[in-house]
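> Sharing a structure here in structure tokens format.
The values are calculated or read from the model by the stated rules, or taken from the named source; none is laboratory data. The structure displayed is predicted, hence computed values, not measured ones. No Cβ is skipped: glycine too gets one built from the backbone with ideal geometry, and neighbour counts run over all protein chains shown.
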Amino acid sequence: MQLVVFKLLDKEYALNVKDVIQVVRNRKIISIPQAPDFVEGVIAWHGKVIPLISLRKKLGFSGSLPVDSSRFIILKVNNHNLGIIVDSVTEVINFDNTKISSPDEFFKEAEYLIGVIKIGSRIVLFMDVEKLFSHVEVQEIGVVHSCVQVRSKE
């Protein structure tokens, strides 16, 4: 299995590459009024409007605006395209899925975690993007998406 590994604060996380559409550099974010607090806004990407989620805020960490090293990971979640803001993307790796450990008691509350991966001395938390957002949150993100449209210059 291929995984996209990224950093958020001092922790490393991974997503299955099958859920990732593209990793893009930091770009201008358009704020959306009355969006959920974890929605930073939207970006235009290949002629589409992509809601952009602050993964820091979503996971309950202190939020901060993206910096030059930040990356946006464009994902397909519950048939919606959306982006998550991460501090950096470090690598794409091949990993044997039989070597993924179940989350211990400390991580039981984090339903979005599939497991824990040990790579040398590193611990990487493997996320399930489908479980990262509740049904209500997906609907809220969908509302943000439907409020904005990209117009081409004529």
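> List the number of the failed condition for I53; all other conditions in (1) under 17 Å from T90 (Cα atoms); (2) within 11 Å of the chain's Cα centre (by Cα) hold.
All conditions are met except number (1).
Results for (1) over 19 Å from T90 (Cα atoms); (2) among the β-branched types (V, I, T); (3) in contact with a Ser or Thr (Cβ under 6 Å, 6 or more places away or on another chain); (4) surrounded by fewer than 20 Cβ atoms within 10 Å (Cβ to Cβ), shown as yes or no for each residue.
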site: V4; (1), (2), (3), (4): no, yes, no, no
site: R27; (1), (2), (3), (4): no, no, no, yes
site: D37; (1), (2), (3), (4): yes, no, no, yes
site: K48; (1), (2), (3), (4): yes, no, no, yes
site: S69; (1), (2), (3), (4): no, no, yes, yes
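> Considering only region 117-144, state which residues are farther than 22 Å from V77 by Cβ and either among the basic types (K, R) or surrounded by 17 or more Cβ atoms within 10 Å (Cβ to Cβ) (or both). So that I can check it myself, show each step before the final result.
So in region 117-144, the residues farther than 22 Å from V77 by Cβ come out as 118-123.
The answer is K118, R122.
Quick grid of which residues meet (1) at pLDDT below 90; (2) not β-branched (V, I, T):
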position: K76; (1), (2): yes, yes
position: V86; (1), (2): no, no
position: I100; (1), (2): yes, no
position: E130; (1), (2): yes, yes
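> Name every residue in region 82-108 that is more than 27 Å from F72 (Cβ to Cβ) and without any contact (Cβ under 8 Å) to a residue 24 or more places away in the chain, in order of residue number.
Pass one, region 82-108, residues more than 27 Å from F72 (Cβ to Cβ): 96, 98-99, 101-102, 104-106, 108.
Matches in region 82-108: T98, K99, S101, S102, D104, E105, F106, K108.
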